Structure formats: structure tokens, C-alpha cells
Amino acid sequence: MSHHYCFMSSMFKQLVFLCWLVLCTNITQAQISGLIVDNHDHAHPMPNANVVLLPDSVFTTSDDKGRFLFSELEDGTYELSCTYMGFVETKIPIEVKRGKTPFVKLIMEPSAEMLETMVVVDEHYKQEETLQAEHLDELFMKENMEGTFSKTIEKLPGVSSINVGVGIAKPVIRGLSANRIIVNQQGIKQESQQWGSDHGLEIDQFDVERVEIIKGPASLQYGSDGLGGVINIMPAKLLPTNTWKGSLEGVYKSNNGHWGGSTKWGLNWNDVFLTARYSQQAFGDYRVPATSFDYNNYTLPIFENTLKNTAGKERNWSIETGLSRKWGVTRLLLGRYQLEAGLFSGAVGVPRAYALDHDGSYRDIDVPKQEVSHFRTSLNQTFLFGEDHLAIDVGFQRNLRQEFSYPEFHSIPASLIDRNNTLALELLLQTYTLNAHYEQHRSHDSKWVYGGNLQWQKNIRGGFEFLLPNFSTFRGGIFTISEQRVRENLLLNAGVRYDFGQNQTDYFRQFVWNSNEVVTDSLIAPATHDPFHNWSASIGANLSMGQEGQWVMKVNLGKSFRVPYPSETVSNGIHHGTFRHEMGTVDLKSEHGYQFDIGIAWELPKFSGSIAGYFNYFDEYIYLGPTFPARFSPLPEAGQIFQYRQDDAIYTGGELHWNWMINRFLEWEQAADFVQSYNVNTQLALPFTPQPSIKNDLKFRFKDGKYGEGMYIGVNHAYYMGANGPNRIDRSENETPAFQLLDISAGGTFLLRSQTLNWKLKVQNLLNTSYLNHLSRYRLINVPEQGRNVVISLQMPLGGHL
């Protein structure tokens with residue numbers, strides 16, 4: 001274990017030196033502090049406003065309470081310039097003298113022309129006004145950053161993730177995932193073989209600044225796959241005219257020697273903008289608090305508490321350019337995500353002790369492994385027509401997924417394949433997308449939205465292993481949504497949608513050989529040409545209560561449906577990421593959902609929060625389960641066949657989230673959630689139902705000073721109830737015991753002369769608890785999750801006027 005601890009020791013020494021350097025810096029006494037407020041909106045504080053001190057061109061941004069601070073200034077006369085998208089630039093002169101800290105209150109006036117543009121950039125179709133939704137900013141993403149984007153948003157109630165190790169994860173909302181969750185990036189639905197539970201989300205989490213998570217049926221506006229929820233990764237806010245902004249970020253994690261970094265640079269010159277980002281991460285095999293694991297009555301070793309071949313590396317880049325004019329906004333985006341990640345050597349086929357022996361390196365990536373390359377480009381165009389607007393999104397995605405394994409695991413004769421060829425499975429998915437909607441304001445209290453979506457994709461297979469044939473899909477839909485404010489405190493919306501879908505798959509046959517190279521069986525995927533069509537509808541209300549609307553109640557009732565995907569109808573082969581033989585069912589019908597959602601949120605001076613409940617009934621719910629009576633795979637070490645089938649199902653549950661500012665320094669936040677699934681036919685729970693959880697976060701915030709601001713220390717505790725008994729697990733699952741986790745954290749902003757440095761230190765799983773995660777793919781082989789992990793993050797924001 002010394003190979004990881006030496007990294008950690010080195011990092012601690014560097015952190016101590018950095019703190020000593022900051023504290024010993026000769027800081028002068030001249031400072032300027034201030035507050036930025038919006039005069040148009042009852043003087044509310046404005047976070048993330050750009051503040052420039054002239055003539056030095058020193059740049060900073062306001063915090064989440066609208067505050068800013070310049071320190072270490074020489075005596076003299078300066079000019080403060082504040083800019084914010086949608087508001088007129090504000091400039092004021094100010095005189096600075098040593099030993100004094102003048103306080104400035106900047107009141108921003110809205111700009112009618114720019115305000116229109118900003119509203120369109122941030123606009124949605126407003127169905128989320130009656131659904132439970134979470135809005136996350138850059139500060140949340142940085143303070144809660146985990147190994148993947150999906151793990152980062154797990155802090156929210158009702159949100160969890162299915163993971164394979166530490167580098168692969170996909171989101172779960174209220175127990176639903178895969179093709180029941182839509183992830184939109186810059187208005188384009190992410191398409192990356194999301195049907196696979198071992199297929200992670202190809203998102204650079206360094207490049208996520210604003211996120212909206214809609215919990216509940218959102219098929220009406222986003223398409224049939226949105227019946228479980230939608231994650232909208234919003235575009236970054238446009239920079240003020242004639243300014244530039246950049247950042248340098250770094251992260252280190254002790255458990256697996258994880259090093260990561262990202263840099264972003266952007267500018268806006270006469271409302272023509274350009275932004276570029278590059279990110280890279282590399283990590284070694286990760287450690288667990290265990291020396292062995294049990295599989296099928298066998299006890300197998302874990303060398304030095306380290307899971308062999310769980311290392312990986314990730315590289316991402318993105319470029320965005322466009323322009324903002326009175327007539328609208330144009331954005332062009334290009335990006336690429338690349339991942340190479342090893343799979344635990346004991347997780348493919350039947351684990352063998354010899355395959356778990358240490359190979360001399362904790363950072364090499366060997367077979368079995370997966371490589372993913374995801375390229376995307378999109379054009380987002382908005383045209384303004386007074387209060388109305390037309391938005392058009394065009395996108396192309398190319399997702400190449402390659403999974404590597406040894407041919408002998410599939411009993412393929414050596415005479416038919418090169419022993420050095422380890423490309424077991426290749427899936428190349430190309431997707432073309434077109435979205436459009438027109439928003440019409442018939443009056444101040446009446447708005448209508450008319451829109452449509454088109455998507456066509458083609459998948460091409462490769463490799464010596466078979467799972468899916470070549471296929472193509474088409475999805476198209478049209479919708480209309482009406483939003484009416486019937487009273488000042490009551491908003492109603494309703495809508496209807498019609499969808500058409502089609503799956504076309506090619507015939508494919510793969511032979512199965514025995515050890516004597518004799519064909520004994522074959523895997524067949526039939527040719528299909530299946531059309532689907534149906535309708536969705538929704539009605540909801542948003543009621544504000546209290547003198548200033550401190551209480552808001554949301555109610556929504558919706559009918560949704562989902563088209564089966566080719567992986568559910570014609571798959572037939574070993575899916576090594578899930579450790580089983582998966583088989584489709586050709587004659588699957590569309591899945592229908594009838595969903596009710598209600599919630600209340602409140603915003604009081606020191607206490608805010610929300611409580612929500614939901615009930616979802618699914619007709620012909622599609623899921624993967626073991627064949628009954630049992631049928632076994634003809635492939636070696638594949639065990640019982642798991643086949644897609646349909647039953648009526650229920651998902652119901654609730655969420656609680658509140659935040660209490662005990663005093664000006666102490667803050668207590670709690671989130672709790674509970675999901676109950678029920679298969680009407682088997683009278684058991686459905687597979688991969690999340691464990692109920694209660695999470696507490698206690699933070700002490702220090703008073704801002706001349707050396708730093710936003711400093712805090714925190715303690716995080718999470719309790720996950722056990723998954724056991726017929727009410728919590730399916731017959732194909734093992735029981736998962738309850739567990740508790742304790743984390744500690746600290747962070748804030750150092751003031752280095754006129755430059756700021758954001759830092760965070762977090763110790764995850766402080767007590768090095770050994771626990772099983774019910775949603776982990778490694779749970780199937782009884783491998784515990786990652787042990788104690790020290791995380792250090794640094795970010796340096798930069799910027800100024802052009």
C-alpha cells in the first residue's frame with residue numbers, strides 16, 4: 001500500500017507549503033469590498049457577476065451572496081467596473097487608502113435588449129414548473145466533485161447511480177435509469193449505448209457549470225425516453241461584452257493515485273464569443289478495505305487490498321463559438337470524450353486466483369477493459385420575435401465503444417481467430433438529431449409552445465463476440481404545451497404529444513464451439529422491422545402561498561410511454577460488463593406510464609427545504625430477469641440466461657430535503673429518500689432498486705478576512721438502509737446489508753494578492769468502512785466499495801477586460 005501513501009504524503013507536504021506561503025505573504029492593508037444587487041428584482045444579490053478593478057485590470061467574480069473583495073491594493077484612485085449578462089455595465093470611481101476597507105454597493109440596471117437574449121438562452125418549455133426540479137450551479141459541482149459526473153449529483157435526494165468501479169457510472173432518478181432517463185447536453189440528447197448498466201455517461205464533469213435535474217415524467221417535451229426524468233446540462237452563461245475569462249483546475253485522490261486537471265479559456269469580443277476547454281485524468285487500481293471476496297462458495301484473494309486492473313485514464317476537449325445579436329443567439333459546439341478503463345480481473349467469467357495475482361504495476365490497464373470515444377457537435381440557434389422566439393437544435397454524435405477480452409473465454413477456436421486479437425465487442429453508434437420549438441406569448445398570462453423532435457441512428461457491430469446485430473432506429477414526435485397564469489399565485493400547464501418510432505435490425509448468427517472445435521450451438525438475432533406509435537399527455541399546477549410566496553406547491557399528473565430499444569428485443573450473448581448472458585424478446589410492446597407527482601417547497605429566512613411524493617404505475621414495464629424455468633447459456637461460464645420481459649410494475653416513494661442556517665456561521669443540511677418498487681406479477685421488488693438513505697451535512701463557515709473568504713469545515717454522514725427481503729430485492733439479487741459512511745471536508749478561497757485560489761480538502765469514507773453498494777456491478781461478486789480516500793482540489797479563476 002506504500003505506493004499510494006507516498007503520493008498522499010507528497011500532496012500533504014505541498015498543501016502545507018502552500019498554506020505557509022499564503023500566510024507569510026506580505027499583504028498590505030488596502031482593500032475594497034462590495035455587494036452587487038439587482039435593482040430590477042427588489043435588490044436581490046447577484047452571484048457570479050464580473051467585477052474589474054481599473055486601471056490594473058484585476059478581475060474577480062461575486063460569490064453566491066453577491067459579495068466581492070479586492071485586497072493588497074496600493075493607495076490611489078481606482079474605477080470599479082461591473083458587468084452581468086442582461087444588465088447595463090456599471091462603473092464607479094473609488095479612492096483607496098491603506099488601513100481602510102471601503103464598502104461599495106453596486107446596483108445593476110437591466111438592459112431590455114440583452115435581457116431578452118439571456119432569457120432565451122436559459123429558457124425551457126416550463127413543464128418543470130409543475131415537476132420537482134433541482135438546479136445546480138458551478139459551486140455545487142466543485143464542492144461535491146466525485147470520480148464521475150453521475151457520482152457528483154448523488155448528493156441530491158432521489159438521485160443515485162449505477163457504477164462499475166470508480167471511473168464508470170450512470171445516473172438513476174427515483175429508481176429509473178438507462179433508457180428511461182434523458183441526459184441533454186446543450187439541448188441535444190446524449191446517445192451512447194445508455195441501455196447498458198456498465199456503460200457510463202460520457203460527460204467531462206470539469207465542463208459542467210449549470211445543471212437542471214427534472215424528477216418525474218418529462219416525456220411530453222423531451223421524448224419517449226424521458227418518462228423517468230431528465231438531466232439538462234445547460235450551456236455556460238455568456239461572458240459580458242469585451243471580457244475574457246479562464247480557469248486552471250487540479251485534483252488529487254489518494255486512494256488510487258488519481259491525478260486530474262482542466263483548463264478553460266473564453267472571450268467575448270463585440271458579442272462574438274469563443275470558449276475552449278481541455279481536461280485529463282489518470283488513476284491507478286483502487287483500494288478496498290478487504291483482503292478477499294467470496295464468489296459461489298469460493299474465497300478469492302485481493303492482493304494488498306487493491307483491485308487488480310481497475311486503473312483508467314480520461315481525456316476530453318471541447319470548443320464552443322457563436323455570437324449574440326438583437327435577433328438571437330447562435331452557438332456551435334464541438335467536443336470529444338475518451339475513456340480507457342480496466343475491469344477487475346475477477347469480474348469477467350468465473351474468477352480464478354491466478355488471474356488476481358499482482359502484475360507488478362498498479363497503473364497499467366490490461367485486458368479485460370473497455371475503451372470509449374464519444375464525439376459530438378451541435379448547432380443551437382435562437383431567433384427572437386419580440387416576446388416570442390424560435391429555437392432550433394441540430395446535432396451529430398459518434399459513439400465508439402470497444403470491449404476487450406480473451407478469445408478463450410468465448411470458446412472460439414484458435415484456428416478461427418488471432419490469439420493476439422482481444423477486441424471482443426465493438427459497437428459504433430452514429431446519431432443525428434433535430435429539435436425545434438416555437439414559443440408564443442399570446443398575453444402576459446398566456447404562453448403556448450409548439451415543437452417537434454427527430455432522431456435517426458445506426459449501430460454497426462464488430463469483434464469476435466456477439467451481443468447485438470447491426471440496427472437502425474428512428475424516433476419522431478410533435479407536441480404542444482400551454483401555460484396559463486389564472487391568478488397571480490396560480491400557474492397551470494397542460495400538453496399533449498404524439499410519437500412515432502421504428503426499430504430495424506439485421507439477421508445475425510454466431511456459432512458456438514466446444515473444446516474440440518465442433519459447432520454445438522448458435523446464437524441467433526432475427527431480422528425485425530417494428531413500428532411503434534402512441535401519445536403522451538400531462539397536466540399540472542404551481543401554487544404560491546404566503547405573503548411573499550415563501551411556500552410553493554407543485555402537482556403533476558402525466559401519461560407517458562417508451563419504445564423498446566433493440567438491445568431489449570434482439571440481444572443474444574454475454575455482456576461481460578454485467579457478467580451474464582442477456583437475451584432479447586422480439587415481440588415486446590411499448591411501455592406505458594401513469595404518473596402522479598406532488599411536492600411542497602418553502603423558503604423562510606433561516607430555514608428552506610422541500611418534501612415530495614410520487615406514484616408511478618407502468619403497464620408492460622420492460623426489465624431484465626433470469627429465465628423461469630431456468631435456461632442456461634451454451635457459452636462457457638455464462639451461467640443462467642437473463643431475458644428481457646414485461647410485467648406491470650409500480651415505483652413509488654418520497655424525498656425530503658432541508659437546509660437550516662442555525663446562525664451566521666453554522667449550517668445543517670439533510671436529505672432523505674425512499675424508493676419502493678413492486679412487480680405486480682411476481683409480487684417482488686424490481687432489480688436495482690436503490691437503498692433508502694439519509695444524508696446529513698453540517699458546515700461551519702468562518703468569517704471572511706483579508707487572507708481568505710468562504711472558508712468552511714464540514715462533517716458529512718450518510719446512512720443507507722439494507723436491501724433485503726422480497727419487498728426490497730428481486731429473486732436474482734443478493735441481499736445488501738445496511739451501512740454508514742462518514743466524510744469530513746474543508747474549503748474556501750485564498751486571497752493571493754489580487755488573485756484568488758479556490759481550494760477543497762475532503763476525506764471520503766473516513767473510517768475506512770467495508771460496505772457493499774446495491775447498485776454497483778461489483779456487488780454481484782461481493783466486492784466492497786472504495787476505502788478511505790483523501791481528495792484535494794484547487795481552482796484558480798482568471799479574467800479581465802479585452
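The values are calculated or read from the model by the stated rules, or taken from the named source; none is laboratory data. From a predicted model like this one, the values you see are computed outputs, not experimental measurements. Ideal geometry is used to build each Cβ from the backbone, glycine not excepted, and the neighbour counts take in all protein chains shown. Accessible surface areas use protein heavy atoms only, side chains included; no ligands, DNA or RNA. Shrake-Rupley method; radii C 1.70, N 1.55, O 1.52, S 1.80 Å.
Every residue, every condition in (1) more than 27 Å from residue 559 (Cβ to Cβ); (2) open to solvent by 20 Å² or more (accessible area, probe 1.4 Å); (3) not small (Gly, Ala, Ser), yes or no:
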| site | (1), (2), (3) |
| --- | --- |
| 203 | yes, no, yes |
| 227 | no, no, yes |
| 231 | no, no, yes |
| 234 | yes, yes, yes |
Residues of region 202-259 being under 18 Å from residue 153 (Cβ atoms) and small (Gly, Ala, Ser), in sequence order, are 216, 218, 226, 228, 229, 236
In region 594-621, residues that are open to solvent by less than 50 Å² (accessible area, probe 1.4 Å) and within 24 Å of the chain's Cα centre (by Cα) total 10
Just one listed residue, out of 625, 609, 593, is closer than 29 Å to residue 167 by Cα and assigned to a strand (DSSP E or B), and it is 625
The number of residues in region 149-178 that are open to solvent by 10 Å² or more (accessible area, probe 1.4 Å), in a helix (DSSP H, G or I) and touching a residue at least 24 places away in the same chain (Cβ under 8 Å) is 1
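Condition check ((1) in the same structural domain as residue 407 (by TED's automatic domain parsing); (2) under 19 Å from residue 401 (Cβ atoms); (3) part of a strand (DSSP E or B); (4) of a type in the set (D, E, K, R)) across all residues:
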residue: 335; (1), (2), (3), (4): yes, yes, yes, no
residue: 338; (1), (2), (3), (4): yes, yes, yes, no
residue: 346; (1), (2), (3), (4): yes, no, no, no
residue: 361; (1), (2), (3), (4): yes, no, no, no
residue: 365; (1), (2), (3), (4): yes, yes, no, no
residue: 370; (1), (2), (3), (4): yes, yes, yes, no
residue: 374; (1), (2), (3), (4): yes, yes, yes, no
So residue 567, is it in contact with a helix residue (DSSP H, G or I) (Cβ under 9 Å, 6 or more places away or on another chain) and in a strand (DSSP E or B):
no
Checking 580, 562 in turn, the sole residue that is modelled with pLDDT of 90 or more and open to solvent by less than 50 Å² (accessible area, probe 1.4 Å) turns out to be 562
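Listed here are the residues, each with its yes/no results for (1) among the basic types (Lys, Arg); (2) open to solvent by 40 Å² or more (accessible area, probe 1.4 Å); (3) without any contact (Cβ under 8 Å) to a residue 40 or more places away in the chain.
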{"position": "653", "(1), (2), (3)": "no, no, no"}
{"position": "661", "(1), (2), (3)": "no, yes, no"}
{"position": "666", "(1), (2), (3)": "no, yes, yes"}
{"position": "684", "(1), (2), (3)": "no, no, no"}
{"position": "705", "(1), (2), (3)": "no, no, yes"}
{"position": "709", "(1), (2), (3)": "no, no, no"}
{"position": "714", "(1), (2), (3)": "no, no, yes"}
Here the residues within region 443-490 that are in a loop (DSSP other than H, G, I, E, B) and not acidic (Asp, Glu) are 444, 463, 464, 466, 467, 468, 469, 470, 489
Just one listed residue, out of 471, 464, 479, is more than 23 Å from residue 503 (Cα to Cα) and in contact with a helix residue (DSSP H, G or I) (Cβ under 7 Å, 6 or more places away or on another chain), and it is 464
Do we have residue 770 as touching a residue at least 12 places away in the same chain (Cβ under 8 Å), of a type in the set (S, T, N, Q) and not in a loop (DSSP other than H, G, I, E, B) here? no
Residue in region 724-733 that is without any contact (Cβ under 8 Å) to a residue 40 or more places away in the chain and either in a loop (DSSP other than H, G, I, E, B) or farther than 30 Å from residue 638 by Cα (or both) present | yes
In region 670-682, residues that are crowded, with 19+ Cβ neighbours inside 10 Å and either over 30 Å from residue 628 (Cβ atoms) or not assigned by TED's automatic domain parsing to the domain that holds residue 774 (or both) total 2
Has region 640-647 got any residue that is assigned by TED's automatic domain parsing to the domain that holds residue 606 and within 28 Å of the chain's Cα centre (by Cα)? yes
A careful count of residues in region 542-559 that are closer than 15 Å to residue 133 by Cα and open to solvent by less than 30 Å² (accessible area, probe 1.4 Å) gives 2
